[in-house]
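Quick notes on the structure that follows.
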Amino acid sequence: MFTVNARSTSAPGAPFEAVVIERRDPGPGDVVIDIAFSGICHTDVSRARSEFGTTHYPLVPGHEIAGVVSKVGSDVTKFAVGDRVGVGCIVDSCRECDYCRAGLEPYCRKDHVRTYNSMGRDGRITLGGYSEKIVVDEGYVLRIPDAIPLDQAAPLLCAGITMYSPLRHWKAGPGSRIAIVGFGGLGHVGVSIARALGAHTTVFDLTMDKHDDAIRLGADDYRLSTDAGIFKEFEGAFELIVSTVPANLDYDLFLKMLALDGTFVQLGVPHNPVSLDVFSLFYNRRSLAGTLVGGIGETQEMLDFCAEHSIVAEIETVGADEIDSAYDRVAAGDVRYRMVLDIGTLATQQ
């Protein structure tokens with residue numbers, strides 16, 4: 001074991017504090033990463049504040065990790081010291097089930113191991129990217145192309161793949177009409193990806209203050225979701241609607257905007273159970289779906305795709321002493337459009 005500086009929270013609502021944590025010594029297949037940046041995801045906020053699921057305290061969040069390889073195990077073949085790499089939401093899975101073999105590690109039949117707040121194969125709770133270093137099996141490490149700055153790459157490890165996976169799975173591309181509900185941390189990356197895929201993209205949001213950004217990043221249309229007229233205007237218009245918002249929508253209204261065999265994909269986690277009239281699914285043979293992040297191979301594909309099409313997350317960088325205020329802003333939706341923690345400040349602040 002070796003120790004590194006980190007930031008952790010000890011209870012719901014407790015402030016983040018400077019701590020020293022242990023990392024395992026690298027095994028033959030492991031990669032040691034010197035972390036440069038870790039994205040601050042809405043999931044980090046929800047976990048830290050115990051808003052869903054089980055949170056294991058003390059918690060070291062962070063599953064949007066970008067950095068540089070500082071050491072590799074004797075059996076590592078994919079990476080070398082000095083490589084620019086990233087780690088996303090998953091650091092292990094069974095590797096043996098049919099889903100893992102198909103590159104669908106998030107759906108592992110024996111459950112995947114999350115980057116933090118998860119029971120590792122060694123029986124220890126995983127600790128995430130708000131730390132100076134992390135040790136990860138090379139099979140769960142991603143190569144970050146040189147074209148993407150490390151700070152802007154970090155959010156792609158969650159936000160990027162969360163949007164890329166459903167857009168690819170439901171075949172967004174030339175000739176398809178899609179809608180993205182919510183132009184925020186997920187939506188702004190999704191618009192850029194959809195544009196690069198060739199889809200005609202409409203954004204629905206609560207306010208018009210992001211209109212210019214959405215058009216700049218590739219949206220073809222931008223409408224207020226509070227305008228009742230859109231549901232008639234766009235009835236049967238879209239092959240795919242992706243909702244990024246953690247809110248209970250009027251699903252019956254949104255489902256009516258789907259064309260024949262269209263799909264509504266819910267990414268945000270609503271506070272209450274989803275409710276709808278089943279006839280909204282019967283007509284036009286519509287589907288309501290959800291998805292986890294993509295697998296490791298698809299995440300690498302996403303990074304390469306983003307590099308090819310000059311897609312990055314639009315970010316605001318904060319220091320270690322600003323984590324608590326950053327969480328308040330993320331919870332309030334007061335970020336344009338992703339927050340990134342500068343890991344170089346862990347040892348110099350507080």
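The values are calculated or read from the model by the stated rules, or taken from the named source; none is laboratory data. Treat the numbers as computed from the prediction; the structure is a model and nothing was measured. Ideal geometry is used to build each Cβ from the backbone, glycine not excepted, and the neighbour counts take in all protein chains shown. Just so you know, the surface numbers come from the protein's heavy atoms only, side chains and all, with ligands and any DNA or RNA stripped out. Shrake-Rupley method; radii C 1.70, N 1.55, O 1.52, S 1.80 Å.
Before moving on, here are some points about what is shown:
- The angle between the Cα long axis of helix 296-308 and the main principal axis of the chain comes to about 70°, on a 0 to 90 degree scale.
- Between amide H atoms placed 1.01 Å from N, distances below 5 Å from Ala179 occur with Thr202, Leu240, Ile241, Val242, all of them 5 or more places distant or on a separate chain.
- Rolling a 1.4 Å probe over the protein heavy atoms gives region 192-323 an accessible area of 46 Å² per residue.
- Annotation: for a label point projected 7 angstrom from Cα along Cα→Cβ of Arg95, residues of region 290-322 with backbone N closer than 18 Å are 295-298.
- Kirkwood hydrodynamic radius over Cα pairs of region 148-291, then Stokes diffusion coefficient at 10 °C and 1.306 mPa s, in µm²/s: 105
- Take every DSSP beta bridge whose two residues both sit in the chain; close to 55 percent of them are antiparallel.
- A simple packing score, the average count of other Cβ atoms within 10 Å per residue, orders the peptides 111-124, 12-25, 135-148 as 135-148, 111-124, 12-25, with the highest score first.
- Cα-centre dipole for region 1-135 with unit charges at Cβ (Lys and Arg positive, Asp and Glu negative), debye to 20: 100
- With the biggest extent put first, the Cα atoms of the chain measure 61, 41, 36 Å across the principal axes.
- Residue-averaged 222 nm ellipticity for the chain, from DSSP H runs of 4+ at -39500 (n - 2.57), nearest 500: -6000 deg cm²/dmol
- Long-range amide H partners of Glu316 with built H, under 5 Å: Tyr337, Arg338, Met339, Val340
- Checked against a 30 Å cut-off, the cross-linked pairs Lys78/Lys210; Lys71/Lys171; Lys133/Lys171; Lys110/Lys210; Lys78/Lys110; Lys110/Lys256 give Cα-Cα distances beyond that limit for Lys78/Lys210; Lys71/Lys171; Lys133/Lys171; Lys110/Lys210; Lys110/Lys256.
- Cα-based helix-to-principal-axis angle, 323-332 vs the chain, degrees rounded to 10: 10
- Positive minus negative residues near Cys41 (Lys, Arg vs Asp, Glu; Cβ under 11 Å): 0
- Carbon + sulfur, % of accessible area of the chain - ligands and nucleic acids excluded, 1.4 Å: 51
- In degrees, nearest ten, helix 159-169 long axis to first principal axis of the chain (Cα): 50
- In nm, spacing of pseudo-spin labels at Lys110 and Met208 (7 Å Cα→C-beta vector): 5.6
- Karplus (6.51, -1.76, 1.60) ³J(HN,Hα), θ = phi - 60°, over region 250-260, in Hz, Gly and Pro reported as x: 7, 4, 4, 5, 5, 5, 5, 7, 8, 6, 4
- Peptide ranges 325-332, 26-33 listed from the most packed, as the mean C-beta count within 10 angstrom indicates: 26-33, 325-332
- Our Cα-only numbers for region 115-170 put the radius of gyration and Dmax at 13.7, 38 Å.
- Förster radius 35 Å - calculated FRET efficiency between Ile215 and Ser275 (Cβ-Cβ, nearest 0.05): 0.55
- Rounded FRET efficiency, nearest 0.05, which uses the C-beta distance separating Ser310 from Met1 and R0 of 51 Å: 0.80
- When the P(r) of region 1-142 is calculated, the portion above 27 Å amounts to 18% of the C-alpha pairs.
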